[in-house]
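Mind looking over this structure? Questions follow.
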Amino acid sequence: MIKLKELGEELKTVISGKTMDALLPPLLFVVLNSRFDLGLASLIAILSALMLSIFRFLSKQNWHYAFGGLLGVIMASGFSFFSGSASNYFLPGILGNVFLLVVCLLSLIAGRPIAAWASHLSRGWSLDWFWRSDVKPAYTIVTWIWSLFILGRVLILLMIFISDQTTQLFIWNTILGWPLTIGVLLISYIYGIWKLKRLGGPGIEEFTSGKLPPYQGQTRGF
């Protein structure tokens with residue numbers, strides 16, 4: 001049985017300060033654009049992302065996500081400003097989701113699910129463990145879950161984008177961003193641990209130590 005404390009700790013490693021970094025610039029952009037003009041809204045959005053990056057760096061927090069967000073805001077603001085359409089602020093994000101969907105599908109076709117790569121990069125576990133026949137199916141199904149979620153997000157945002165409703169784009173981009181992503185990550189984690197148990201393979205520590213079956217299986221982390 002997965003404990004709430006365990007789920008909280010897993011989510012904490014994912015969220016940290018990223019929610020504010022992702023939410024504040026587009027919020028300022030939408031609010032200022034509705035009251036002033038596109039140029040000022042773009043400028044303030046970029047400055048807010050820059051200030052967040054500087055704050056993370058000076059506070060010795062993880063500034064890489066904020067800096068990546070700054071580059072994204074500059075690109076998004078550029079799209080909207082030079083096209084003269086506020087809705088284009090969200091176009092790079094939509095295109096980014098399309099790219100991510102393609103990566104997920106290609107990883108499934110190649111038999112190397114992106115969920116396994118994500119876990120390998122974040123946790124440093126041996127890749128050989130992920131590709132075992134009694135481990136990989138769990139990461140394959142989770143990658144399918146991610147793919148369906150991303151596809152749904154792209155379709156919804158594209159429909160709103162085509163209708164040129166900037167405020168609705170911000171609202172749905174936010175809802176389909178961290179709030180729903182957290183839910184998908186929770187489902188992925190709970191299902192992943194359950195599926196690994198059902199597959200009967202070794203846990204990562206058992207695999208690393210060369211333990212022979214019967215295995216206890218993966219009890220923490222996915």
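The values are calculated or read from the model by the stated rules, or taken from the named source; none is laboratory data. For clarity, every value in this text was computed on a predicted model and none was experimentally measured. Here Cβ is always computed from backbone atoms with ideal geometry, including for glycine, and neighbour counts include all displayed protein chains. The protein model used for the area step is the full one, side chains on, heavy atoms only, and it has no ligands, DNA or RNA in it. Shrake-Rupley method; radii C 1.70, N 1.55, O 1.52, S 1.80 Å.
Of the numbered conditions (1) under 18 Å from the mean Cα position of the chain (by Cα); (2) surrounded by fewer than 17 Cβ atoms within 10 Å (Cβ to Cβ), W194 satisfies every one except a single condition; which is it?
For W194, the failing item is (1).
Select from the range 121-180 the residues that are within 23 Å of L108 (Cα to Cα) and β-branched (V, I, T) and list them in ascending order.
Residues satisfying the conditions are V135, T140, I141, V142, T143, I145, I150, V154.
Tell me which residues, restricted to the range 174-212, are in a helix (DSSP H, G or I) and within 30 Å of A86 (Cα to Cα). Show your work before the answer.
If we filter the range 174-212 for residues that are in a helix (DSSP H, G or I), which is where we start, we get 174-175, 178-199, 204-209.
Correct list: T174, I175, W178, P179, L180, T181, I182, G183, V184.
Being of a type outside the set (A, V, I, L, M, F, W, C), open to solvent by 80 Å² or more (accessible area, probe 1.4 Å) and modelled with pLDDT of 70 or more is the filter here, so list the residues in the range 22-77 that pass it.
Correct list: R35, K60.
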